[in-house]
1. Averaged per residue, what accessible area in Å² does the chain show with a 1.4 Å probe, protein chains only?
2. Show Glu198, Glu175 ordered by accessible area, largest first, where the area counts protein heavy atoms only and the probe is 1.4 Å.
3. Calculated from DSSP H runs of 4 or more alone, at -39500 (n - 2.57) each and per residue, what is the 222 nm mean residue ellipticity of the chain, nearest 500?
4. Tell me, what ³J(HN,Hα) does each residue in region 247-253 have, in order and in whole Hz, if you take phi through Karplus 6.51 cos²θ - 1.76 cosθ + 1.60 with θ = phi - 60° and put x for Gly and Pro?
5. Relative contact order for the chain: what is it in percent, counting Cα pairs under 8 Å that are at least 6 residues apart?
6. Listed highest first by mean packing, meaning other Cβ atoms within 10 Å per residue, what order do 31-39, 302-310 come in?
7. Roughly how much of Cys59 is accessible, in Å² to the nearest 10, using a 1.4 Å probe?
8. Does region 174-295 come out rounded, prolate or oblate by the C-alpha gyration tensor, with a ≥ b ≥ c the root eigenvalues, rounded set by a/c under 1.5 and, if not, prolate when a/b is larger than b/c and oblate if not?
Amino acid sequence: MRVGWTIGGVLAFAIAGAARAQQPAPPPPFDPAHAAALFAEARVLCERDAGKLWNHSLCGPILLVDPDSMTMIASQADKGGVLKPVAGALFTGRIPNDMIVANTATDWSGTVWTQLIWPFVPPDAPTRHVMLAHELFHRIQRDLPIPRLGDGDNGHLDTLEGRYLLQLEWRALAEAVAAKTPAVRKSAVADALLFRAERDRRFPAAAKDELGLELNEGVAEYTGVRLGLTAPAERTAYAVKDLAAHVGDDTFVRSFAYATGPAYGLMLDQADPAWRGKLGSGPALWRLLQTALKLPDPAPTEAAVAARARLYDDGKLRAVEVAREAARQQRLAGYRAGLVEGPVLDLPLAKANRQFRPSTLVGLDDLGTVYPTLRLTDAWGVLEVTGGSGALLYKGFGRATVSLKGADATHLKGPSLVGDGWSLDLKPGWSLRPGPRPGDLTLAPTP
């Protein structure tokens, strides 16, 4: 079950931090036997690979965290000595309240962990093994020669044409992955690349923004499918399932690479087994596949795209997206009123960590992305967004805003601030100042 992703695009779970900080931690909810079994499954996956896929072992320390109590159980001791032995080779303790809880790689107490949310682990073995291999990869990702380009904004994937062209690419990729003959595969890949090229033509920043997320989450999901499953037919079926799994998402800006990564990666395994060693120079997965299959550069024209689109859409997909776009424009008007036109609370971002649900994100014009729910930490403290107008994170992640409309002035005095659908716990040394416009407020270090 995918609940949401953090800044690196991985699974996360939004929690009410203010309430959590006020309550004593209950006893750990973990069954040590279940935790040990999960650690053993991860060990089987990484030892079966033996470092062959990435020339780097995926084996390493794992941390299971309960998001309600912030208690944890770990596969080994931490270098900082915070964890205490329990049930033989396992260790337990509690992580800080300002630490992001997510399925991701995390540095804590002198150790680099694969952190997993408990008990939100898929019950069926294939999905669980894909998730485990995906997250084990994230822990070693920083040690691999794969460029970290940032995840990009990908707001174009919230637009009518961006969403439509992406889904056409997904449909063509599904046909290519499942193709029985090289000719059928090559034709379907050519269609997928045509739809992507048209997206790049319409949205000049699309190629760079999408590349960042595909090299991060797309490659991780490919690793999950490749190492979490053993039979080629099972991998193919899972990749096809990934290409359909996110069709119902409200937004694709953070989820699209989970679909495209396994599809391109598995086809590259057949067309160019050495492709993983070429990622250091930062090529796009689709470009590597195009080269391996000796396909010409796509030349998108309105007529060519429309002709190939008819092979994958009988008009129903287009109609659904047109109706969705009309409703989206109404929502955007509300977000602009609450998060841009003001009054707003402006939060500077320097070393921010985010925790959110990717299937709910909304691109807001050229400004940035609206997060309907969010947990945001920075030097000033912790922001929890659970409703209202959400929060707007501007492009470049240098600032964020939440709405002050209807906020009770008596609740806007630190250290705990409360607004419509959000709360903010300020750390010492930070306070509110008047913003650049009447009615706006901003966070700044206390003089």
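1. Value for the chain: 41 Å² per residue.
2. The most accessible residue leads, giving Glu175, Glu198.
3. Helix-only estimate at 222 nm: -12000 deg cm²/dmol.
4. Each residue of region 247-253 in turn: 4, x, 5, 5, 8, 10, 4 Hz.
5. It comes to 15 percent, rounded to a whole number.
6. So the order, starting with the most tightly packed, is 31-39, 302-310.
7. For Cys59, the solvent-accessible surface is approximately 50 Å².
8. The shape class here is rounded.
The values are calculated or read from the model by the stated rules, or taken from the named source; none is laboratory data. Nothing here was measured: the structure is a model prediction, and the numbers come from that model. Glycine also receives a Cβ, built like all others from the backbone with ideal geometry; neighbour counts cover every protein chain displayed. When the accessible area is computed, the model is the full protein with side chains, heavy atoms only, and any ligands, DNA or RNA have been set aside. Shrake-Rupley method; radii C 1.70, N 1.55, O 1.52, S 1.80 Å.
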